[in-house]
1. Note down the nm distance, to one decimal, between modelled labels 7 Å out along Cα→Cβ at residue 53 and at residue 149.
2. Helix 41-53 sits at what angle to the longest principal axis of the chain, using alpha carbons and giving 0 to 90 degrees rounded to 10?
3. Multiply the residue gap between residue 253 and residue 176 by 0.36 nm, knock off their C-alpha separation, and tell me the result in nm, one decimal place.
4. Picking from 216, 147, 15, which is most flexible by a Gaussian network model of the chain using Cα springs under 10 Å?
5. How far, in nm, would the chain grow between residue 110 and residue 210 when pulled straight, counting 0.36 nm per residue and subtracting the alpha carbon separation?
6. Using alpha-carbon positions, what is the distance between the centroids of region 31-67 and region 173-221, in Å?
7. What percent do you get for the relative contact order of the chain when only Cα pairs under 8 Å and 6+ apart count?
8. How big is region 41-183 along each principal axis, measuring the range of its Cα positions in Å and listing the largest first?
């Protein structure tokens, strides 16, 4: 039986690990042709290899999403190889050392905003023209509950994720008339390599967040992947411009 995304083309940035890898594998299992983009060549190739091992179709394109020429080249390769782009998960994100706002070094602020916010804008800048040409497409931007609620010590991260949410809403309105839907997913703690690094750095903070988590546990990357898949599917055909908390109830607790 054909998968639910049979022969569709799915692009995932940040596909070398974590939520990106889990989502790439899910789309591949459902029959999509998967393009993995990441700055980590080892991780990106590993994701592609895992897809090939399950009989799926995938290619890896080394990409720094904060560089316009990299993202433009990525999209050119997607179109040259597959001729179209049906779904995109713009997923690259970095954190930063917990710091009071006035203590954040300018270089750290610029790096977080450049990767997290500018990177997603650049991805959409080059994804949207192809989807407009097709008259269809779905984009999912990976945000965070950090863009919905305050996180002391994480001003740059929170500002970048809040910016992603607003960018998602604006573009959802702008491009709906072209048959394109754009939404964002806002996870709480998910056990990705980024989170695992934060746990080692500040285990007490991690424990406090889990203690305040209604479900009493962190999320797994596969749980976020399932939400991304739903947002790309026809089952969510009337969902547009939503910044969806996938947080086990954390933001309402």
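1. Going by the 7 Å Cα→Cβ label model, 3.7 nm.
2. With both axes taken from Cα atoms, the answer is about 50 degrees.
3. Stretched out fully, the residue 253 to residue 176 stretch lengthens by 24.4 nm.
4. The residue that fluctuates most here is 216.
5. Working: separation 100, 0.36 × 100 = 36.00 nm, distance 2.98 nm.
Difference between extended and current length: 33.0 nm.
6. One Cα centre to the other: 22 Å.
7. Values: 501 pairs, mean separation 47.6, N = 253.
Dividing the mean separation by the residue count of the chain yields 19 percent.
8. Extents along the principal axes, in whole Å: 47, 39, 27.
Values in this text are rule-based calculations from the coordinates and carry no lab data. Note that the coordinates shown come from a computational prediction; the quantities given were computed from them, not determined experimentally. In this analysis, Cβ positions are derived from the backbone assuming ideal geometry, glycine residues included, and neighbour counts consider all displayed protein chains.
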